[in-house]
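Enquirer: Before I ask anything, let me first share the structure, which is written out below as structure tokens.
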Amino acid sequence: MKAARYHSPGGPEALKLEGAPDPEPGPGEALIRVLACGVNRIDVWARSGRYKTPLPHILGADIAGEVVSIGLGTKEVEPGARVLVYPVLTDGTCVYCRLGKPNLCLARGFVGIATDGGYAELVKVPATNLLPLGDLEPKAAAALPVNFGTAWNGLVTKANVGEGDTVLVWGAAGGLGHAAVQVAKHLGARVIAAVGDEKKRQFVESLGADAVVDSRSHDFVERVRSLTDGFGASVVFDHVGGDTWPTSFDCLARGGRMLTLGLTSGAKSEVDVRKVYQEELKLMGVYGQSKEDIRSVMELTSAGRLKPFIYRELPLRAAKEAHEIVESREVQGKILLTP
Ligand SMILES: [Zn+2]
């Protein structure tokens, strides 16, 4: 099969389209013909060496495709089924799996990081990780798991956002951000979108953001406060990390929920402990998503209530360009690779 893979970590040019052995599904696994695969920031980190992967390696966690064949004893799917891959790999047996928290599994890994992923014509995955596509377009589906599934985990499963909430979303035009804006609006919340340039302002307004604040403005906190009658946002959706944490806490209303979903800036930050307890702030870590989170966003996408925005659709041989676009931060919504 053809695959875009790298033999050692490096820049985007490390990704080369080449022939790779066809994967063979083992017991309990299914072989999928990839119809579309989403590109995520975690892919860029793995390719650049921040996350260790086997070598040579094929990236790609957001996979929609069709089952080609199944391994011995696989009962969950039949060849021909159109499926979306749940990207979290688990042992299914540890205490967290038994508690229904697979994303906290002691043996957790991700498709496309721990194992070869979807930057290829074919990929094998455990059949228990497959969700039927139903009437969902493969391209729309491939934009869902990592971005919309994680946004759902944060805003619904963790923060229980609803009408009456004001949600501040950092990086609102990107893959995760544009998902968060849409999910928060769907839940009836008011959304303040933080973006870094004018082009992105129009994009997030088109997604339904109620107010847009330039994330580079020196009076960012005051602007957020003035948009909330001085109270601040009841929920902050922060996937930037150390650089934005102090500002995020400053933007929170009393009793507010701070969702932290990853970092593209530093991993360390100073927090005013007094503010956290005196204002009863809640810090909520959000890591990945459950299969149930993904089912929810699949249903809403099928119904036209969520609309993943495909910024660029590129062939496998352009995986290098796809990574360059992600690194340039110009991306709005999602980039897909289609074999
Ligand atoms: Zn487990």
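The values are calculated or read from the model by the stated rules, or taken from the named source; none is laboratory data. This one's a predicted model, so the numbers in the text were calculated from it and none came from an experiment. So basically every Cβ, Gly included, is an ideal-geometry build from the backbone, and we count neighbours across all protein chains shown.
Enquirer: Name the pairs whose Cβ atoms lie under 7 Å apart, with the first residue in the stretch 77-95 and within 20 Å of SER296 (Cα to Cα), the second assigned to a loop (DSSP other than H, G, I, E, B) and within 16 Å of the ligand (Cβ to nearest atom), and 6 or more positions between them or separate chains?
Expert: Matching pairs, first to second residue: VAL88/ARG108; VAL88/GLY288; LEU89/ARG108; LEU89/ALA114.
Enquirer: Among the strands (runs of 3 or more DSSP E) confined wholly to the stretch 175-260, which include 1 or more residues that are over 20 Å from the mean Cα position of the chain (by Cα) and more than 24 Å from VAL156 (Cα to Cα)?
Expert: Result: 211-214.
Enquirer: Got a sec? Which of ASN40, ASN103 is touching a residue at least 40 places away in the same chain (Cβ under 8 Å) and within 16 Å of the ligand (Cβ to nearest atom)? Lay out the reasoning, then the answer.
Expert: Details: ASN40 fails: within 16 Å of the ligand (Cβ to nearest atom).
Exactly one of ASN40, ASN103 is touching a residue at least 40 places away in the same chain (Cβ under 8 Å) and within 16 Å of the ligand (Cβ to nearest atom), namely ASN103.
Enquirer: Among the candidates LEU130, LEU122, LEU59, single out the residue that is farther than 24 Å from ALA14 by Cα and either out of contact with any strand residue (DSSP E or B) (no Cβ under 6 Å at 6 or more places or on another chain) or assigned by TED's automatic domain parsing to the domain that holds GLU13 (or both).
Expert: Within the list LEU130, LEU122, LEU59, the selection yields LEU130.
Enquirer: Could we say that LEU89 is surrounded by fewer than 20 Cβ atoms within 10 Å (Cβ to Cβ) and either within 16 Å of the ligand (Cβ to nearest atom) or among the acidic types (Asp, Glu) (or both) here?
Expert: Working: surrounded by fewer than 20 Cβ atoms within 10 Å (Cβ to Cβ): no; either within 16 Å of the ligand (Cβ to nearest atom) or among the acidic types (Asp, Glu) (or both): yes.
No, not satisfied.
Enquirer: I would also like to ask the following. Is it the case that the stretch 287-296 has a residue that's closer than 29 Å to LYS185 by Cα, free of Cβ contacts under 8 Å to residues at least 24 places away in the same chain and either among the basic types (Lys, Arg) or in a loop (DSSP other than H, G, I, E, B) (or both)?
Expert: For the stretch 287-296, residues closer than 29 Å to LYS185 by Cα, free of Cβ contacts under 8 Å to residues at least 24 places away in the same chain and either among the basic types (Lys, Arg) or in a loop (DSSP other than H, G, I, E, B) (or both): absent.
Enquirer: So, one more: Can you pull out every residue in the stretch 24-55 that is assigned to a loop (DSSP other than H, G, I, E, B) and either surrounded by 15 or more Cβ atoms within 10 Å (Cβ to Cβ) or among the hydroxyl-bearing types (Ser, Thr, Tyr) (or both)?
Expert: PRO25, GLY28, ASN40, SER48, TYR51, THR53
Enquirer: Specify the residue that is nearest to the ligand (Cβ to nearest atom); the eligible residues are those in the stretch 106-118 that are aliphatic (A, V, I, L, M) and either at pLDDT below 95 or under 19 Å from LEU15 (Cβ atoms) (or both).
Expert: At the first step, the residues of the stretch 106-118 found to be aliphatic (A, V, I, L, M) are 106-107, 111, 113-114.
When the remaining residues are screened for being either at pLDDT below 95 or under 19 Å from LEU15 (Cβ atoms) (or both), the result is 111, 113-114.
On the way: VAL111: 15, ILE113: 17, ALA114: 13 Å.
Looking at residues that are aliphatic (A, V, I, L, M) and either at pLDDT below 95 or under 19 Å from LEU15 (Cβ atoms) (or both), I get ALA114.
Enquirer: Follow-up question, since we're still on this one. In the stretch 8-23, what residues are of a type outside the set (A, V, I, L, M), surrounded by 17 or more Cβ atoms within 10 Å (Cβ to Cβ) and either out of contact with any Asp or Glu (no Cβ under 6 Å at 6 or more places or on another chain) or part of a strand (DSSP E or B) (or both)?
Expert: PRO9, PRO23
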